[in-house]
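Asker: Provided herewith is a single structure, encoded as structure tokens, for subsequent inquiry.
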Number of protein chains: 2
Amino acid sequence: MRPLILITNDDGYDSKGLKTLISVAQSYGDVVVVAPEHNASGLSHSFTAQRPLRVREITSEEGLSIYACDGTPVDCVKLGQEYFCPRTPSLVLSGINHGSNSSINILYSGTMGAVLEASLLDIKAVGFSLVDYDPLVDFTSVILYINAIIGIVLENPMPSQVCLNVNIPRNVDNIKGIRLCRQSKARWIDCYRKCEDPRGVPYYWIDGEFVCDDNGEGTDQYALEHGYISIVPTTTDFTAYSSLDKFDFFNSELRIEN
Amino acid sequence: MRPLILITNDDGYDSKGLKTLISVAQSYGDVVVVAPEHNASGLSHSFTAQRPLRVREITSEEGLSIYACDGTPVDCVKLGQEYFCPRTPSLVLSGINHGSNSSINILYSGTMGAVLEASLLDIKAVGFSLVDYDPLVDFTSVILYINAIIGIVLENPMPSQVCLNVNIPRNVDNIKGIRLCRQSKARWIDCYRKCEDPRGVPYYWIDGEFVCDDNGEGTDQYALEHGYISIVPTTTDFTAYSSLDKFDFFNSELRIEN
């Protein structure tokens, strides 16, 4: 039986990146697509509990059923694997995202939210992002790499609950290769634009600048800035292991008598 | 000058847990509250980019200005520190959440999304959660502990970009003390209820069961199950360091000639 591959994204069911990923994945297995009805960028690992989800079935130009879900990318994985996959997927793919999910962007990313959720279900999972926000970007040059990475992931064992964050540099015609990396430390310096609506009531709209000083060799930012595709093996364990010994002041097993 | 403490949560600006946290924090510093207008549970690290944010100022019974923001907990921290804090906060507090954010729940948690965001701004940050979902729960017995933890955090240095995930066991009258822990591995087994609306159109509503087999000594689940408050130092670095050597098959620096 061919592997079942569940595909989602955060840009929405009709994005060019999703269509590209579907076409590559179809050479490896049977594809089920459950993707957000609307743009779900920046939705991180959020899921929908306060209201029910709706799913709309669309037939693609190639005759494939695509399930558009009015929830988040995490919802798409959770609901997709339970209701729209005929068997447990061998692989979950998310993307190709129009824009970077390297470094700290993973924290905000709906694309990677879906991937991390799949890893919790112990399904191999890979998120693909291209560092270019143009919705009409030409993916032709990156197809060979995505094809190779999917093949390698299907053939090789992956550690339990670890998934992959793959980012592709903007200059797709001069890709030098692939680098296994760690996540760079970085942050967004936000700057809200405060405006007034036609009734004089203020509103605030986020703008921001990505700042990364941690771009030495071995980081995903270094790889991307030097023309390599970055691959960061990624986990959902947030424990700051290297800092645990700096919190000895809590280890007194503080007991307060009420 | 007294420390400035920015407080938020994910249950919404009028939750009992938030009010309790405000009352404790006021003994340590000047308090600014920017909290979600509505319940924002499960919103993880999502932020609002596609639309502007609105903020409504409310005066509490005690005369404190509370800013209710129609965005996520992360929005509350980002916007709050830029527009509603008269100076950079010394501390960001989030909670007290009505429900657990231990183990893998941190990934979905809006409460902890706010805390992680503050850590990226290099502000000390602590999320407090009580393993009890009752919105009217009695917090009296936990106030002493929260007071002690805030005091310890203000007095001691914390590593850069590391924050604290504090969970309090349900049986608040028999707390044995505080334990420094690592995050347990766990997952939610989801089970969607498929129903039909009055027009016969299906909808799907999430339900789920928390499953944790990783509850040995040293984990947050162990601490909570044995009557201790768990404190997990937490980072936004998702790199699976202990698994990096298991992906050597990518280290060939794969170069594909187009």
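The values are calculated or read from the model by the stated rules, or taken from the named source; none is laboratory data. Since the structure is predicted, the reported quantities are computational estimates derived from the model, not experimental observations. All Cβ positions, even for glycine, are placed from backbone atoms using ideal geometry, and neighbour counts span all protein chains on display.
Asker: Tell me the residue from A:133, A:203 that is at pLDDT below 95, among the hydroxyl-bearing types (Ser, Thr, Tyr) and more than 19 Å from residue B:244 (Cα to Cα), please. Before the answer, list the steps.
Answerer: Working: A:203 fails: at pLDDT below 95.
Criteria check complete, one pass: A:133.
Asker: Out of all the residues in the stretch A:19-40, which are crowded, with 24+ Cβ neighbours inside 10 Å and not hydrophobic (A, V, I, L, M, F, W, C)?
Answerer: Hit for the stretch A:19-40 is A:36, nothing else.
Asker: If residue B:91 satisfies every condition in (1) over 30 Å from residue A:197 (Cβ atoms); (2) more than 11 Å from chain A (Cβ to nearest Cβ); (3) without any contact (Cβ under 8 Å) to a residue 60 or more places away in the chain but one, which is the exception?
Answerer: (3)
Asker: Ok, one more. Considering only the stretch B:124-139, state which residues are touching a residue at least 60 places away in the same chain (Cβ under 8 Å) and crowded, with 16+ Cβ neighbours inside 10 Å.
Answerer: As a first pass, look at the stretch B:124-139 and keep what is touching a residue at least 60 places away in the same chain (Cβ under 8 Å): B:128, B:130-131, B:135-137, B:139.
Listed by number, the residues that qualify are B:128, B:130, B:131, B:137, B:139.
Asker: Could you check, for the stretch A:176-187, whether at least one of its residues is of a type in the set (Lys, Arg), surrounded by fewer than 15 Cβ atoms within 10 Å (Cβ to Cβ) and under 30 Å from residue B:81 (Cα atoms)?
Answerer: Scanning the stretch A:176-187, I find no residue that is of a type in the set (Lys, Arg), surrounded by fewer than 15 Cβ atoms within 10 Å (Cβ to Cβ) and under 30 Å from residue B:81 (Cα atoms), so the answer is no.
Asker: Which one of A:75, A:10, A:70 is among the acidic types (Asp, Glu), in contact (Cβ under 8 Å) with a residue 24 or more places away in the chain and surrounded by fewer than 24 Cβ atoms within 10 Å (Cβ to Cβ)? Break it down into steps so the answer makes sense when it comes.
Answerer: Details: A:75 fails: surrounded by fewer than 24 Cβ atoms within 10 Å (Cβ to Cβ); A:10 fails: surrounded by fewer than 24 Cβ atoms within 10 Å (Cβ to Cβ).
Exactly one of A:75, A:10, A:70 is among the acidic types (Asp, Glu), in contact (Cβ under 8 Å) with a residue 24 or more places away in the chain and surrounded by fewer than 24 Cβ atoms within 10 Å (Cβ to Cβ), namely A:70.
Asker: Another question about this same structure. With A:30, A:11 as the choices, which residue is within 29 Å of residue B:74 (Cα to Cα) and acidic (Asp, Glu)?
Answerer: Values: A:30 fails: within 29 Å of residue B:74 (Cα to Cα).
So the residue among A:30, A:11 that is within 29 Å of residue B:74 (Cα to Cα) and acidic (Asp, Glu) is A:11.
Asker: Any idea which of B:95, B:80, B:42 is modelled with pLDDT of 95 or more and in contact with a helix residue (DSSP H, G or I) (Cβ under 8 Å, 6 or more places away or on another chain)? Lay out the reasoning, then the answer.
Answerer: Numbers: B:80 fails: in contact with a helix residue (DSSP H, G or I) (Cβ under 8 Å, 6 or more places away or on another chain); B:42 fails: modelled with pLDDT of 95 or more.
Matching residue, one of B:95, B:80, B:42: B:95.
Asker: Same structure again: Name the pairs whose Cβ atoms lie under 9 Å apart, with the first residue in the stretch B:148-175 and without any contact (Cβ under 8 Å) to a residue 60 or more places away in the chain and under 20 Å from residue B:30 (Cβ atoms), the second among the hydrophobic types (A, V, I, L, M, F, W, C) and assigned to a loop (DSSP other than H, G, I, E, B), and 6 or more positions between them or separate chains?
Answerer: B:152/A:254
Asker: Please verify whether residue A:137 is touching a Leu at 6+ places or on another chain (Cβ under 9 Å) and either part of a helix (DSSP H, G or I) or under 18 Å from residue A:178 (Cα atoms) (or both), treating the condition exactly as stated.
Answerer: no
Asker: Still on this structure, please answer the following. In the stretch A:93-117, which residues are hydrophobic (A, V, I, L, M, F, W, C) and more than 11 Å from the chain's Cα centre (by Cα)? I'd like the intermediate steps shown before the answer.
Answerer: Start the filter on the stretch A:93-117 by keeping residues that are hydrophobic (A, V, I, L, M, F, W, C), which leaves A:93, A:96, A:104, A:106-107, A:112, A:114-116.
Within the stretch A:93-117, just A:104 meets the criteria.
Asker: While we're here: I need a count of the residues in the stretch B:206-252 that are hydrophobic (A, V, I, L, M, F, W, C), at the interface with another protein chain (Cβ under 8 Å from one of its Cβ atoms) and without any contact (Cβ under 8 Å) to a residue 40 or more places away in the chain.
Answerer: If we filter the stretch B:206-252 for residues that are hydrophobic (A, V, I, L, M, F, W, C), which is where we start, we get B:206, B:210-212, B:223-224, B:229, B:231-232, B:238, B:240, B:244, B:247, B:249-250.
When the remaining residues are screened for being at the interface with another protein chain (Cβ under 8 Å from one of its Cβ atoms), the result is B:206, B:231-232, B:238, B:240, B:244, B:247, B:249-250.
Now narrow it down to the ones that are without any contact (Cβ under 8 Å) to a residue 40 or more places away in the chain: B:206, B:238, B:240, B:244, B:247, B:249-250.
Matching residues across the stretch B:206-252 total 7.
Asker: Quick test for you: out of A:109, A:65, A:94, pick the one residue that is more than 25 Å from residue B:189 (Cβ to Cβ) and hydroxyl-bearing (Ser, Thr, Tyr).
Answerer: On the way: A:109 fails: more than 25 Å from residue B:189 (Cβ to Cβ); A:94 fails: more than 25 Å from residue B:189 (Cβ to Cβ).
A:65 is the lone residue from the list that is more than 25 Å from residue B:189 (Cβ to Cβ) and hydroxyl-bearing (Ser, Thr, Tyr).
Asker: Looking at (1) on the phi < 0 side of the Ramachandran plot; (2) surrounded by 13 or more Cβ atoms within 10 Å (Cβ to Cβ), find the lone condition where residue B:193 falls short.
Answerer: Residue B:193 satisfies every listed condition except (2).
Asker: Could you run through the stretch A:98-134 and say how many residues are in a helix (DSSP H, G or I) and aromatic (Phe, Trp, Tyr)?
Answerer: Step one: filter the stretch A:98-134 for residues in a helix (DSSP H, G or I), giving A:105-108, A:110-120.
Okay, now just the ones that are also aromatic (Phe, Trp, Tyr), so A:108.
So the count comes out to 1.
Asker: Right, here's the next one. Quick one: would you say residue A:49 is hydrophobic (A, V, I, L, M, F, W, C), within 24 Å of residue B:105 (Cα to Cα), out of contact with any Asp or Glu (no Cβ under 8 Å at 6 or more places or on another chain) and at pLDDT below 95? So that I can check it myself, show each step before the final result.
Answerer: Working: hydrophobic (A, V, I, L, M, F, W, C): yes; within 24 Å of residue B:105 (Cα to Cα): yes; out of contact with any Asp or Glu (no Cβ under 8 Å at 6 or more places or on another chain): yes; at pLDDT below 95: yes.
For residue A:49, the condition - hydrophobic (A, V, I, L, M, F, W, C), within 24 Å of residue B:105 (Cα to Cα), out of contact with any Asp or Glu (no Cβ under 8 Å at 6 or more places or on another chain) and at pLDDT below 95 - is met.
Asker: Residues of the stretch B:140-175 being part of a helix (DSSP H, G or I), β-branched (Val, Ile, Thr), surrounded by 20 or more Cβ atoms within 10 Å (Cβ to Cβ) and within 9 Å of chain A (Cβ to nearest Cβ), which ones?
Answerer: In the first step, residues of the stretch B:140-175 are kept if they are part of a helix (DSSP H, G or I); the result is B:140-155, B:172-174.
Within this subset, residues satisfying the condition of being β-branched (Val, Ile, Thr) are B:140, B:142-143, B:146, B:149-150, B:152-153, B:172.
Adding the requirement that they be surrounded by 20 or more Cβ atoms within 10 Å (Cβ to Cβ) leaves B:142, B:146, B:149-150, B:153, B:172.
Within the stretch B:140-175, B:149 is the sole residue that qualifies.
Residue by residue, here is whether (1) surrounded by 23 or more Cβ atoms within 10 Å (Cβ to Cβ); (2) touching a residue at least 12 places away in the same chain (Cβ under 8 Å); (3) more than 8 Å from every other protein chain (Cβ to nearest Cβ) holds:
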| site | (1), (2), (3) |
| --- | --- |
| B:17 | yes, yes, yes |
| B:43 | yes, yes, no |
| B:57 | no, no, yes |
| B:82 | no, no, no |
| B:102 | yes, yes, yes |
| B:116 | yes, yes, no |
